[in-house]
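The next block holds one structure in the form of structure tokens; read it before the comments.
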Amino acid sequence: MNATAKIAIVTGAGSGVGKAAALALLAEGWRVVLAGRRQAPLDEVIAESGAGAAALAVPTDVSDPASVQALFERTVQAFGRVDLLFNNAGVNAPGIPLEDLTLEQWQSVVDVNLTGMFLCIQAAFRVMKAQSPRGGRIINNGSISASAPRPNSIAYTATKHAVTGLTKTASLDGRKHDIAVGQIDIGNAATEMAARMAKGVPQASGEIAIEPLMDVAIVGRSIAYMASLPLEANVLFHTVMATKMPLVGRG
């Protein structure tokens, strides 16, 4: 194992974008702590990576402050520091009219996508500003929904718009601690969450249309690139998307 390897935490690492990021970072020689709600998917990612002791699975509920604190404590105990947080864990609500969305459905999305992301940023700041060498990097998963909504997505879109506020403010507040904070906005990566795109999804016009997808491994490479920069440089916002998806067309 590389004794000088940098240490990353990836939330939501058991599937999709989080899995792709963990695999990409491990392939680049990082030591990676994989966080997610369930142990088994995390263990499966580690087995697939063949990373052995360079990877550690820590079941975590990012909406629970004690669970987030335990994640960072376990990471420091195992590897000594935290150089990167990929703040990726997120959930969605049913694609129903906003007037039919229950308060419980709204709150569950806010708890994970917004409060959970804040709790992880806060925990990362506390570790990164105190460690030696000081500093580190945080990459927040904003999603295309951080700028452009889909129909019937008010909870997800509102929280992802809010992630942009978290990113900008944490980027500013992190300067004095040598903490670089950026955001990746991902459009139509081929994951379980996005599989419905290939079958047809509602458009702003009310039509149902099949949308192109891209290999999720491309997203992993994007995150590894952002993570590879020295702390004197930061990718504040990075958009990676399926080239022909209907983001830049008229609604």
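Things worth noting here:
- Summed over region 70-104, the residues that are surrounded by fewer than 23 Cβ atoms within 10 Å (Cβ to Cβ) and either closer than 23 Å to residue 153 by Cβ or β-branched (Val, Ile, Thr) (or both) give a count of 15.
- Top-ranked residue of region 207-230 - restricted to ones that are free of Cβ contacts under 8 Å to residues at least 60 places away in the same chain and under 18 Å from residue 85 (Cα atoms), ranked as surrounded by the fewest Cβ atoms within 10 Å (Cβ to Cβ): 230
- Single unsatisfied condition, residue 164 versus (1) at pLDDT below 95; (2) in contact with a strand residue (DSSP E or B) (Cβ under 8 Å, 6 or more places away or on another chain); (3) assigned to a helix (DSSP H, G or I): (1)
- Single unsatisfied condition, residue 122 versus (1) assigned to a loop (DSSP other than H, G, I, E, B); (2) surrounded by fewer than 22 Cβ atoms within 10 Å (Cβ to Cβ): (1)
- On inspection, residue 4 does not qualify as farther than 21 Å from residue 213 by Cβ, at pLDDT 95 or above and hydroxyl-bearing (Ser, Thr, Tyr).
- Selection of first residues in region 135-161 that are in contact (Cβ under 8 Å) with a residue 40 or more places away in the chain and within 21 Å of residue 228 (Cα to Cα) and of second residues that are part of a loop (DSSP other than H, G, I, E, B) and of a type in the set (Val, Ile, Thr), restricted to Cβ pairs under 6 Å at least 6 apart or on distinct chains, gives the following pairs, ordered by first then second residue: 136/82.
- Among the residues of region 125-151, those that are part of a helix (DSSP H, G or I) and among the hydrophobic types (A, V, I, L, M, F, W, C) comprise 125, 127, 128, 144, 146.
- Among the candidates 158, 146, 123, the residue that is in contact with a helix residue (DSSP H, G or I) (Cβ under 7 Å, 6 or more places away or on another chain) and within 30 Å of residue 207 (Cβ to Cβ) is uniquely 146.
- Summed over region 109-132, the residues that are farther than 16 Å from residue 10 by Cα and either in contact with a Leu (Cβ under 7 Å, 6 or more places away or on another chain) or free of Cβ contacts under 8 Å to residues at least 40 places away in the same chain (or both) give a count of 2.
- Conditions (1) touching a helix residue (DSSP H, G or I) at 6+ places or on another chain (Cβ under 6 Å); (2) among the hydroxyl-bearing types (Ser, Thr, Tyr); (3) exposed (fewer than 13 other Cβ atoms within 10 Å of the Cβ); number of the one not met by residue 60: (3)
- Lone qualifier among 242, 180, 190 - being within 24 Å of residue 127 (Cα to Cα), among the small types (Gly, Ala, Ser), in contact with a Leu (Cβ under 8 Å, 6 or more places away or on another chain) and surrounded by 13 or more Cβ atoms within 10 Å (Cβ to Cβ): 180
The values are calculated or read from the model by the stated rules, or taken from the named source; none is laboratory data. Everything numeric in this text was worked out from a predicted model, so none of it was measured. Quick reminder, even Gly has a Cβ in these numbers, built from the backbone with ideal geometry, and neighbours come from all protein chains shown.
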